[in-house]
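Report on the structure given below.
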Amino acid sequence: MNKIVKYMALAAATVSLYACNDTQGDLLEPKVYFESSEYKVEIQEGTEMAVELSARATTPMTSSVQLTYAFGTQSDVDAFNAKNGTEYLLFDLQHAQFESTEAVINSKKIYAEKVNINLTGLDRVEDGKTYVIPVRIANSSAPLVSGGNVTYYVVSKPVRIMSAVRFSNGAIYVPIPQDKAFKSITYEALIYIDYFGDNNTVMGKEGTLIFRIGDQGGGLPRNILQIAGKVQFQNPNKLESKKWYHVAFVRNAETGFAGMYVNGVKVNEGNAGTEDIMIGGDGVKGNGFFIGKVAGFMWGERPFNGKMSEVRLWSVARSENQLQKNMLAVDPKSEGLEFYYKLNKESVNGLVITDASGHMNGESRYGLYPEDLDAPIEIK
(Lines give C-alpha, C1' and ligand atoms only; values in the text may rest on other atoms or scores of the structure.)
Protein backbone atom coordinates (compact mmCIF):
# COMPACT_ATOMS: atom_id res chain seq x y z
CA MET A 1 0.00 0.00 0.00
CA ASN A 2 1.69 3.21 -1.10
CA LYS A 3 -0.05 5.66 1.17
CA ILE A 4 -2.86 6.30 3.61
CA VAL A 5 -5.19 9.14 2.70
CA LYS A 6 -6.61 11.35 5.42
CA TYR A 7 -10.15 11.80 4.18
CA MET A 8 -12.43 14.72 4.87
CA ALA A 9 -15.68 14.32 6.74
CA LEU A 10 -18.55 15.91 4.88
CA ALA A 11 -21.24 15.50 7.49
CA ALA A 12 -20.43 14.89 11.13
CA ALA A 13 -22.85 12.48 12.72
CA THR A 14 -23.09 13.70 16.29
CA VAL A 15 -24.85 12.14 19.23
CA SER A 16 -27.54 14.80 19.04
CA LEU A 17 -28.30 13.80 15.45
CA TYR A 18 -29.51 10.42 16.63
CA ALA A 19 -30.80 11.40 20.08
CA CYS A 20 -34.37 11.77 18.87
CA ASN A 21 -34.46 8.01 18.25
CA ASP A 22 -33.61 7.09 21.85
CA THR A 23 -35.38 7.51 25.18
CA GLN A 24 -33.79 9.53 27.97
CA GLY A 25 -32.83 6.34 29.79
CA ASP A 26 -31.20 4.88 26.70
CA LEU A 27 -29.03 7.97 26.29
CA LEU A 28 -27.38 7.33 29.65
CA GLU A 29 -26.05 4.03 28.36
CA PRO A 30 -22.80 4.16 26.32
CA LYS A 31 -23.46 3.34 22.67
CA VAL A 32 -21.41 2.88 19.51
CA TYR A 33 -21.72 4.73 16.20
CA PHE A 34 -19.78 6.21 13.28
CA GLU A 35 -18.85 9.80 14.00
CA SER A 36 -19.35 10.86 10.38
CA SER A 37 -21.98 9.63 7.99
CA GLU A 38 -19.99 10.44 4.85
CA TYR A 39 -16.35 10.77 3.84
CA LYS A 40 -14.94 12.15 0.62
CA VAL A 41 -12.08 10.18 -0.93
CA GLU A 42 -10.25 11.78 -3.86
CA ILE A 43 -7.94 9.63 -5.95
CA GLN A 44 -4.82 11.65 -6.66
CA GLU A 45 -2.43 9.22 -8.35
CA GLY A 46 -1.51 5.57 -8.54
CA THR A 47 -3.67 2.47 -8.47
CA GLU A 48 -3.78 1.82 -4.72
CA MET A 49 -4.57 3.73 -1.56
CA ALA A 50 -5.93 3.17 1.92
CA VAL A 51 -8.59 4.93 3.97
CA GLU A 52 -9.00 4.78 7.72
CA LEU A 53 -12.07 3.57 9.60
CA SER A 54 -12.89 4.03 13.26
CA ALA A 55 -16.16 3.81 15.17
CA ARG A 56 -16.60 5.56 18.49
CA ALA A 57 -18.64 5.51 21.67
CA THR A 58 -20.96 8.19 23.00
CA THR A 59 -19.07 8.19 26.33
CA PRO A 60 -16.01 6.32 27.65
CA MET A 61 -16.71 2.63 28.00
CA THR A 62 -16.56 0.90 31.37
CA SER A 63 -15.19 -2.24 29.67
CA SER A 64 -13.73 -3.15 26.29
CA VAL A 65 -16.14 -3.33 23.34
CA GLN A 66 -15.66 -5.77 20.46
CA LEU A 67 -16.67 -4.58 16.99
CA THR A 68 -16.99 -6.24 13.60
CA TYR A 69 -17.16 -4.27 10.34
CA ALA A 70 -18.63 -5.34 7.01
CA PHE A 71 -19.27 -3.75 3.64
CA GLY A 72 -22.82 -2.75 2.80
CA THR A 73 -24.75 -3.59 -0.36
CA GLN A 74 -26.41 -1.97 -3.34
CA SER A 75 -29.48 -1.26 -1.20
CA ASP A 76 -27.32 0.98 1.02
CA VAL A 77 -26.13 2.91 -2.04
CA ASP A 78 -29.72 3.21 -3.24
CA ALA A 79 -30.73 4.66 0.13
CA PHE A 80 -27.79 7.09 0.02
CA ASN A 81 -28.74 8.27 -3.48
CA ALA A 82 -32.41 8.66 -2.56
CA LYS A 83 -31.51 10.77 0.47
CA ASN A 84 -28.97 12.98 -1.30
CA GLY A 85 -30.42 13.23 -4.82
CA THR A 86 -27.29 11.65 -6.30
CA GLU A 87 -26.65 8.93 -8.88
CA TYR A 88 -23.53 7.35 -7.42
CA LEU A 89 -22.43 3.80 -8.16
CA LEU A 90 -21.48 0.97 -5.82
CA PHE A 91 -17.69 0.66 -5.77
CA ASP A 92 -16.46 -2.73 -6.98
CA LEU A 93 -15.95 -4.41 -3.62
CA GLN A 94 -13.55 -6.89 -5.17
CA HIS A 95 -11.14 -3.95 -5.05
CA ALA A 96 -11.80 -3.07 -1.40
CA GLN A 97 -10.48 -5.10 1.50
CA PHE A 98 -10.39 -4.59 5.26
CA GLU A 99 -6.95 -5.14 6.78
CA SER A 100 -9.03 -6.45 9.66
CA THR A 101 -12.77 -6.62 10.17
CA GLU A 102 -12.29 -6.63 13.94
CA ALA A 103 -11.72 -3.62 16.19
CA VAL A 104 -11.83 -2.81 19.90
CA ILE A 105 -12.87 0.22 21.89
CA ASN A 106 -10.73 -0.20 24.99
CA SER A 107 -12.00 0.40 28.48
CA LYS A 108 -12.19 4.10 29.41
CA LYS A 109 -11.67 5.04 25.75
CA ILE A 110 -14.06 6.56 23.21
CA TYR A 111 -12.53 5.69 19.83
CA ALA A 112 -11.94 2.24 18.42
CA GLU A 113 -8.56 1.24 17.10
CA LYS A 114 -8.20 2.45 13.51
CA VAL A 115 -8.65 -0.08 10.72
CA ASN A 116 -7.50 0.45 7.14
CA ILE A 117 -9.60 -0.30 4.09
CA ASN A 118 -7.26 -0.99 1.17
CA LEU A 119 -8.48 0.11 -2.27
CA THR A 120 -6.96 -1.24 -5.48
CA GLY A 121 -7.60 -0.94 -9.22
CA LEU A 122 -8.13 2.81 -8.90
CA ASP A 123 -6.94 3.37 -12.46
CA ARG A 124 -10.32 1.95 -13.49
CA VAL A 125 -12.22 4.77 -11.80
CA GLU A 126 -13.57 6.96 -14.59
CA ASP A 127 -13.54 10.75 -14.63
CA GLY A 128 -17.00 12.10 -14.03
CA LYS A 129 -18.24 9.03 -12.15
CA THR A 130 -18.56 8.80 -8.40
CA TYR A 131 -18.60 5.59 -6.40
CA VAL A 132 -19.75 4.73 -2.90
CA ILE A 133 -18.35 2.20 -0.42
CA PRO A 134 -20.93 1.60 2.32
CA VAL A 135 -19.50 0.27 5.60
CA ARG A 136 -21.55 -1.10 8.47
CA ILE A 137 -20.93 -2.04 12.08
CA ALA A 138 -22.07 -5.62 11.65
CA ASN A 139 -21.67 -6.65 15.29
CA SER A 140 -20.98 -4.85 18.55
CA SER A 141 -20.80 -6.06 22.13
CA ALA A 142 -22.30 -2.70 23.15
CA PRO A 143 -25.57 -1.19 21.94
CA LEU A 144 -25.54 0.84 18.71
CA VAL A 145 -26.87 4.35 18.24
CA SER A 146 -29.95 4.05 16.06
CA GLY A 147 -29.09 5.08 12.49
CA GLY A 148 -25.40 5.53 13.28
CA ASN A 149 -24.16 2.08 12.29
CA VAL A 150 -23.43 2.88 8.64
CA THR A 151 -21.02 5.28 6.97
CA TYR A 152 -20.22 5.96 3.31
CA TYR A 153 -16.93 6.54 1.52
CA VAL A 154 -17.60 8.63 -1.61
CA VAL A 155 -14.80 7.88 -4.07
CA SER A 156 -14.01 10.02 -7.12
CA LYS A 157 -11.11 11.08 -9.28
CA PRO A 158 -10.59 14.85 -9.57
CA VAL A 159 -11.44 16.02 -13.07
CA ARG A 160 -8.62 17.91 -14.79
CA ILE A 161 -9.79 19.76 -17.90
CA MET A 162 -6.63 20.92 -19.65
CA SER A 163 -7.98 22.11 -23.01
CA ALA A 164 -11.02 24.02 -24.25
CA VAL A 165 -12.35 25.47 -27.49
CA ARG A 166 -11.84 29.16 -28.19
CA PHE A 167 -14.73 31.03 -29.80
CA SER A 168 -14.29 34.36 -31.54
CA ASN A 169 -16.20 34.13 -34.79
CA GLY A 170 -16.92 30.41 -34.74
CA ALA A 171 -20.04 28.43 -33.96
CA ILE A 172 -21.33 24.90 -33.48
CA TYR A 173 -24.53 23.89 -35.19
CA VAL A 174 -26.34 21.06 -33.40
CA PRO A 175 -28.57 19.07 -35.82
CA ILE A 176 -31.62 18.74 -33.59
CA PRO A 177 -34.59 17.82 -35.82
CA GLN A 178 -37.05 20.64 -36.43
CA ASP A 179 -39.98 18.56 -35.18
CA LYS A 180 -38.33 17.27 -32.00
CA ALA A 181 -40.33 18.48 -29.01
CA PHE A 182 -38.77 19.14 -25.61
CA LYS A 183 -40.75 19.29 -22.43
CA SER A 184 -38.33 19.54 -19.51
CA ILE A 185 -34.95 20.87 -20.54
CA THR A 186 -31.53 21.78 -19.12
CA TYR A 187 -28.74 23.83 -20.68
CA GLU A 188 -25.23 23.61 -19.18
CA ALA A 189 -21.84 25.03 -20.12
CA LEU A 190 -18.49 26.04 -18.70
CA ILE A 191 -17.63 29.48 -20.06
CA TYR A 192 -14.67 31.84 -19.91
CA ILE A 193 -15.28 35.32 -21.34
CA ASP A 194 -12.31 37.10 -22.91
CA TYR A 195 -14.38 40.24 -23.46
CA PHE A 196 -18.06 41.14 -23.62
CA GLY A 197 -19.78 42.07 -26.86
CA ASP A 198 -23.23 43.60 -27.33
CA ASN A 199 -24.83 40.15 -27.35
CA ASN A 200 -22.87 36.98 -26.53
CA THR A 201 -24.44 33.64 -27.50
CA VAL A 202 -23.81 30.71 -25.18
CA MET A 203 -26.28 28.17 -26.59
CA GLY A 204 -29.83 27.65 -27.78
CA LYS A 205 -32.25 28.65 -30.52
CA GLU A 206 -32.73 32.33 -31.23
CA GLY A 207 -36.30 33.50 -30.65
CA THR A 208 -37.29 30.28 -28.87
CA LEU A 209 -34.90 29.58 -26.00
CA ILE A 210 -31.47 31.21 -26.13
CA PHE A 211 -28.90 31.38 -23.33
CA ARG A 212 -26.81 34.50 -23.82
CA ILE A 213 -24.88 37.27 -22.10
CA GLY A 214 -26.05 40.83 -22.65
CA ASP A 215 -28.41 42.39 -25.15
CA GLN A 216 -27.21 45.92 -25.67
CA GLY A 217 -29.91 46.65 -28.23
CA GLY A 218 -32.57 45.39 -25.84
CA GLY A 219 -31.27 47.45 -22.96
CA LEU A 220 -29.49 44.62 -21.14
CA PRO A 221 -25.89 45.33 -20.02
CA ARG A 222 -23.17 43.37 -21.79
CA ASN A 223 -22.18 41.32 -18.73
CA ILE A 224 -25.61 40.10 -17.60
CA LEU A 225 -26.50 36.44 -18.19
CA GLN A 226 -29.97 36.00 -19.69
CA ILE A 227 -32.38 33.35 -20.92
CA ALA A 228 -34.52 34.79 -23.71
CA GLY A 229 -37.26 33.77 -26.13
CA LYS A 230 -40.40 32.08 -24.83
CA VAL A 231 -38.86 32.36 -21.34
CA GLN A 232 -37.09 35.53 -20.29
CA PHE A 233 -35.27 36.55 -17.13
CA GLN A 234 -31.69 37.29 -16.16
CA ASN A 235 -29.02 36.95 -13.53
CA PRO A 236 -29.12 40.06 -11.32
CA ASN A 237 -25.36 39.82 -10.81
CA LYS A 238 -22.76 40.86 -13.37
CA LEU A 239 -20.34 38.30 -14.75
CA GLU A 240 -16.62 39.02 -14.92
CA SER A 241 -14.25 38.43 -17.80
CA LYS A 242 -11.14 36.23 -17.49
CA LYS A 243 -12.89 33.82 -15.12
CA TRP A 244 -14.43 30.36 -15.51
CA TYR A 245 -18.13 29.93 -14.73
CA HIS A 246 -20.54 27.03 -14.81
CA VAL A 247 -23.86 28.36 -16.12
CA ALA A 248 -27.12 26.47 -16.39
CA PHE A 249 -30.78 26.95 -17.24
CA VAL A 250 -33.42 24.45 -16.12
CA ARG A 251 -37.07 24.17 -17.14
CA ASN A 252 -39.40 21.66 -15.46
CA ALA A 253 -42.38 20.98 -17.73
CA GLU A 254 -44.43 19.36 -14.97
CA THR A 255 -44.44 22.44 -12.76
CA GLY A 256 -43.59 25.25 -15.18
CA PHE A 257 -40.58 26.17 -13.01
CA ALA A 258 -37.59 27.73 -14.73
CA GLY A 259 -34.33 28.50 -12.96
CA MET A 260 -30.98 30.05 -13.82
CA TYR A 261 -27.85 28.83 -12.04
CA VAL A 262 -24.32 30.16 -11.82
CA ASN A 263 -21.69 27.85 -10.33
CA GLY A 264 -24.45 25.53 -9.17
CA VAL A 265 -26.36 28.20 -7.23
CA LYS A 266 -29.78 29.45 -8.32
CA VAL A 267 -29.60 33.17 -9.12
CA ASN A 268 -33.10 33.73 -10.52
CA GLU A 269 -36.27 31.87 -11.41
CA GLY A 270 -39.51 32.33 -13.32
CA ASN A 271 -42.41 30.51 -14.91
CA ALA A 272 -41.85 28.75 -18.22
CA GLY A 273 -45.25 27.16 -18.75
CA THR A 274 -45.76 23.53 -19.63
CA GLU A 275 -46.10 23.55 -23.43
CA ASP A 276 -43.59 21.78 -25.69
CA ILE A 277 -40.46 23.68 -26.72
CA MET A 278 -39.07 23.26 -30.25
CA ILE A 279 -35.39 24.17 -30.45
CA GLY A 280 -34.38 22.27 -33.60
CA GLY A 281 -33.88 23.56 -37.12
CA ASP A 282 -31.97 23.14 -40.38
CA GLY A 283 -29.10 25.46 -39.45
CA VAL A 284 -29.77 27.85 -42.36
CA LYS A 285 -29.83 31.59 -41.63
CA GLY A 286 -29.70 31.08 -37.88
CA ASN A 287 -32.56 28.56 -37.81
CA GLY A 288 -31.75 25.89 -35.26
CA PHE A 289 -29.67 25.22 -32.19
CA PHE A 290 -26.28 26.93 -32.06
CA ILE A 291 -23.39 27.24 -29.62
CA GLY A 292 -21.12 30.30 -29.59
CA LYS A 293 -22.85 32.24 -32.36
CA VAL A 294 -26.19 32.24 -34.23
CA ALA A 295 -24.61 31.57 -37.61
CA GLY A 296 -26.24 33.41 -40.52
CA PHE A 297 -28.92 35.11 -38.42
CA MET A 298 -30.36 38.10 -40.29
CA TRP A 299 -30.22 40.50 -37.32
CA GLY A 300 -26.66 39.74 -36.30
CA GLU A 301 -24.79 36.58 -35.41
CA ARG A 302 -24.02 37.61 -31.80
CA PRO A 303 -20.69 35.84 -31.25
CA PHE A 304 -19.26 34.69 -27.94
CA ASN A 305 -15.67 35.79 -27.34
CA GLY A 306 -13.85 33.38 -25.08
CA LYS A 307 -13.56 29.68 -24.30
CA MET A 308 -16.12 26.97 -23.59
CA SER A 309 -16.07 23.44 -22.26
CA GLU A 310 -18.54 20.79 -21.07
CA VAL A 311 -21.54 21.98 -23.10
CA ARG A 312 -24.58 19.77 -22.47
CA LEU A 313 -28.24 19.61 -23.40
CA TRP A 314 -30.71 17.53 -21.40
CA SER A 315 -34.35 16.57 -21.95
CA VAL A 316 -34.82 16.40 -18.17
CA ALA A 317 -34.81 19.06 -15.48
CA ARG A 318 -31.56 18.63 -13.56
CA SER A 319 -31.71 19.44 -9.85
CA GLU A 320 -29.56 22.05 -8.16
CA ASN A 321 -27.73 19.27 -6.35
CA GLN A 322 -27.01 17.47 -9.64
CA LEU A 323 -25.69 20.67 -11.19
CA GLN A 324 -23.40 21.36 -8.24
CA LYS A 325 -21.93 17.87 -8.13
CA ASN A 326 -21.31 17.51 -11.88
CA MET A 327 -20.01 20.85 -13.12
CA LEU A 328 -16.72 19.54 -14.53
CA ALA A 329 -17.93 16.18 -15.84
CA VAL A 330 -20.94 13.89 -16.06
CA ASP A 331 -21.52 10.26 -16.96
CA PRO A 332 -22.05 10.24 -20.76
CA LYS A 333 -24.68 7.53 -20.30
CA SER A 334 -26.81 9.64 -17.95
CA GLU A 335 -30.56 9.51 -18.51
CA GLY A 336 -31.91 12.41 -20.54
CA LEU A 337 -28.52 13.59 -21.84
CA GLU A 338 -29.20 14.68 -25.44
CA PHE A 339 -25.69 15.80 -26.35
CA TYR A 340 -22.44 16.26 -24.46
CA TYR A 341 -19.65 18.28 -26.08
CA LYS A 342 -16.52 18.18 -23.95
CA LEU A 343 -14.82 20.66 -26.33
CA ASN A 344 -11.34 19.43 -25.49
CA LYS A 345 -8.59 18.57 -27.97
CA GLU A 346 -9.83 15.01 -28.25
CA SER A 347 -13.42 15.95 -29.18
CA VAL A 348 -12.79 18.44 -32.01
CA ASN A 349 -11.88 16.76 -35.30
CA GLY A 350 -11.96 19.20 -38.17
CA LEU A 351 -15.58 20.13 -38.78
CA VAL A 352 -16.92 17.43 -36.46
CA ILE A 353 -17.61 18.04 -32.76
CA THR A 354 -17.80 14.62 -31.13
CA ASP A 355 -20.73 13.97 -28.82
CA ALA A 356 -19.47 12.05 -25.77
CA SER A 357 -22.98 10.63 -25.29
CA GLY A 358 -22.89 9.17 -28.80
CA HIS A 359 -26.22 10.72 -29.80
CA MET A 360 -25.58 13.81 -31.90
CA ASN A 361 -22.28 15.13 -33.24
CA GLY A 362 -22.09 18.86 -33.86
CA GLU A 363 -20.89 20.76 -36.93
CA SER A 364 -18.10 23.31 -36.58
CA ARG A 365 -18.66 26.54 -38.52
CA TYR A 366 -16.24 29.38 -39.22
CA GLY A 367 -13.36 27.73 -37.39
CA LEU A 368 -13.04 26.50 -33.84
CA TYR A 369 -9.73 25.98 -32.10
CA PRO A 370 -9.12 23.85 -29.01
CA GLU A 371 -6.35 25.28 -26.88
CA ASP A 372 -4.19 24.00 -24.05
CA LEU A 373 -4.93 25.66 -20.72
CA ASP A 374 -2.29 26.90 -18.31
CA ALA A 375 -4.11 25.23 -15.38
CA PRO A 376 -7.10 22.91 -14.97
CA ILE A 377 -10.51 24.57 -15.03
CA GLU A 378 -11.58 25.45 -11.52
CA ILE A 379 -14.97 26.79 -10.48
CA LYS A 380 -14.74 29.02 -7.40
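Here is how the numbers come out for the structure above:
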item	result
Approximate shape of segment 178-279 as ellipsoid semi-axes (Cα gyration tensor, √5λ), whole Å, largest first	23, 14, 12
For Glu378, solvent-accessible area (1.4 Å; no DNA, RNA or ligand), Å²	120 Å²
Per-selection metrics, segment 142-205 (Cα): Rg and Dmax in Å	22.3, 69
Inter-label distance for Thr255 and Lys285, nm, one decimal - labels placed 7 Å from Cα along Cα-to-Cβ	4.0 nm
Of Ser141, Ser168, Ser184, the one that fluctuates the most in a GNM where the chain has Cα springs shorter than 10 Å	Ser141
Area accessible to solvent at Lys285, 1.4 Å probe radius, in Å²	150 Å²
Accessible area of Leu373 in the full protein assembly, 1.4 Å probe (Å², nearest 10)	20 Å²
Total formal charge among the other residues, if their Cβ is under 11 angstrom from that of Glu371, Lys/Arg +1 and Asp/Glu -1	+1
Proximal charge balance of Ser168 [Cβ under 12 Å; K/R count +1, D/E count -1]	0
Overall Cα dimensions of segment 197-237 - principal axes, largest extent first, Å	21, 18, 16
Pairwise label distance in nanometres, Lys108 with Asp372, each label 7 Å out on the Cα-Cβ vector	6.2 nm
Taking all pairs of distinct alpha-carbon atoms in segment 112-185, Kirkwood radius in angstrom	18.6 Å
Alpha-carbon Rg/Rh ratio, for segment 306-380, with Rh computed the Kirkwood way	0.97
Antiparallel %, DSSP beta bridges [both residues in the chain], to 5	90 percent
Cα-based helix-to-principal-axis angle, 74-84 vs the chain, degrees rounded to 10	60 degrees
Two-decimal Rg to Rh for segment 29-170 - Kirkwood Rh, Cα set	1.10
Net charge of neighbours whose Cβ lies under 12 Å from the Cβ of Ser140, counting Lys and Arg as +1 and Asp and Glu as -1	+2
Accessible surface ranking that places the most exposed of His246, His359, His95 first, with a 1.4 angstrom probe	His359, His95, His246
Pair Ser64, Lys180: separation of 7 Å Cα→Cβ label points (nm)	6.5 nm
Mean projection area, nm², convex hull over Cα of the chain	21.1 nm²
Against the rule of thumb 2.2 N^0.38 Å, how large the Cα Rg of segment 56-99 comes out	1.65
Extension gain, Glu42 back to Trp299 (0.36 nm per residue minus Cα-Cα distance, nm)	87.7 nm
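The values are calculated or read from the model by the stated rules, or taken from the named source; none is laboratory data. On a predicted model such as this, the values are computed, not experimentally measured, just so you know. No Cβ is skipped: glycine too gets one built from the backbone with ideal geometry, and neighbour counts run over all protein chains shown. Accessible surface is based on the protein model in full, side chains and every heavy atom, while ligands, DNA and RNA are left aside. Shrake-Rupley method; radii C 1.70, N 1.55, O 1.52, S 1.80 Å.
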